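**Student:** Here it is, the structure in full.
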Amino acid sequence: MAFPGFWVVFEGADGVGKTTQVDLLAAHLRSPAGGAREVLTTREPGGTPLGIELRQAIMHGDHVAPRAEALLYAADRAHHIATLVRPALEAGTVVLQDRYLDSSVVYQGGARGLGEEVERISLWATEGLLPDLTVVLDMEPDPARMSRDLDRVERETIAKAAQMREGFLGRAALDRARYAVVDAARTVEEVHASVVEAVTAAMARRDGLAVEPWGTP
Ligand code: TMP
């Protein structure tokens, strides 16, 4: 991406710790040790005033038809990218974002069964803008719960969680250079250290500073 800023997206199933890791990474990057950078933290859905209204429409309304839901996420995304994220990247800001297009691909495309069209809609909505790095926070869906007697709804929830996990891992496997899969089943500090390592390496790669294993000076 040709912007002076740097864009990191966090993805993963619900409850995996994305918000905590966004906040910790922001604090690190703003500190002298992290380069005292200008950092914007944001999220989808709901990163703008219009996005907050769209988020309420998605989350707190009655049943929303799956295609309408997919379009509401895409509308939030289109406005968020055009009015907040793209201008920040152009201004040289590091943008740390909680969820992006992969969430639509995995939740609406996969879990809701809407298929590949969902990715195309998001790409149209954002004029094809893709992050410099997507960090997938990966965790096995609550193994303690698996062993208990489960009712039908619980079984379905866990099956869905497993499907989400596979969805995000599948996305990451498509493009190793733009994704980092981080084991999120560790302490917050351990996960943070891995996140910092992945982001630092991606920033160095983007700036052409990576030292190749075969010894480029
Ligand atoms: P969160 O902001 O607490 O992560 O919640 C957002 C919820 O919305 C979460 O369950 C995932 C879902 N979601 C989608 O289904 N599609 C999307 O494109 C996005 C951004 C979120």
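The values are calculated or read from the model by the stated rules, or taken from the named source; none is laboratory data. All values reported here derive from a predicted model rather than from experimental measurement. Ideal geometry is used to build each Cβ from the backbone, glycine not excepted, and the neighbour counts take in all protein chains shown. Surface areas here come from the heavy atoms of the whole protein model, side chains and all, with no ligands, DNA or RNA. Shrake-Rupley method; radii C 1.70, N 1.55, O 1.52, S 1.80 Å.
**Student:** Leaving out ligands and nucleic acids, note down the accessible area per residue over segment 6-207 with a 1.4 angstrom probe, in whole Å².
**Tutor:** For segment 6-207, the per-residue accessible area is 51 Å².
**Student:** With runs of 4+ DSSP H residues as the only contributors, calculate the mean residue ellipticity of the chain at 222 nm using -39,500 (n - 2.57) per run, divided by the residue total and rounded to the nearest 500.
**Tutor:** Only helices count here, giving -14500 deg cm²/dmol.
**Student:** Per the 1.4 Å probe, what fraction of the accessible area of the chain, in percent, lies on carbon and sulfur atoms? Kindly include the intermediate steps, with their values, before the conclusion.
**Tutor:** Numbers: 6390 of 11530 Å².
Carbon and sulfur together cover 55 percent of it.
**Student:** Evaluate the distance, in nm, between pseudo-label points positioned 7 Å from the Cα of E38 and of R120 along their respective Cα→Cβ axes.
**Tutor:** Inter-label distance under the simple model: 3.8 nm.
**Student:** In addition: When all protein chains stay in place, what accessible area (Å², nearest 10, 1.4 Å probe) is found for R178?
**Tutor:** It works out to around 90 Å².
**Student:** Extending each Cα 7 Å along its Cβ direction at A111 and T200, get the distance between those two points in nm, one decimal.
**Tutor:** Roughly 3.4 nm, to one decimal.
**Student:** What list of ³J(HN,Hα) values in whole Hz, one per residue of segment 6-17 in order, does the Karplus curve 6.51 cos²θ - 1.76 cosθ + 1.60 (θ = phi - 60°) give from phi, with Gly and Pro shown as x?
**Tutor:** Each residue's phi maps through the Karplus curve to give 9, 10, 10, 10, 9, 10, x, 5, 4, x, 8, x Hz.
**Student:** Next question. Just grab the label-to-label distance for R152 and E90, each label 7 Å out from Cα along the Cβ direction, in nm (one decimal).
**Tutor:** It is 5.3 nm.
**Student:** Now for a separate question. Using only alpha carbon pairs under 8 Å that are at least six residues apart, calculate the relative contact order of segment 6-207 and give it in whole percent.
**Tutor:** It rounds to 29 percent for segment 6-207.
**Student:** Compute the length gained on full extension between A65 and D14: take 0.36 nm times their separation in residues and subtract their Cα-Cα distance, giving the result in nm to one decimal.
**Tutor:** Full extension of this stretch gives 16.2 nm more.
**Student:** Oh, and also: Go through K18, K160 and list them by solvent-accessible area, largest first, probe radius 1.4 Å.
**Tutor:** So the residues, ranked largest to smallest area, are K160, K18.
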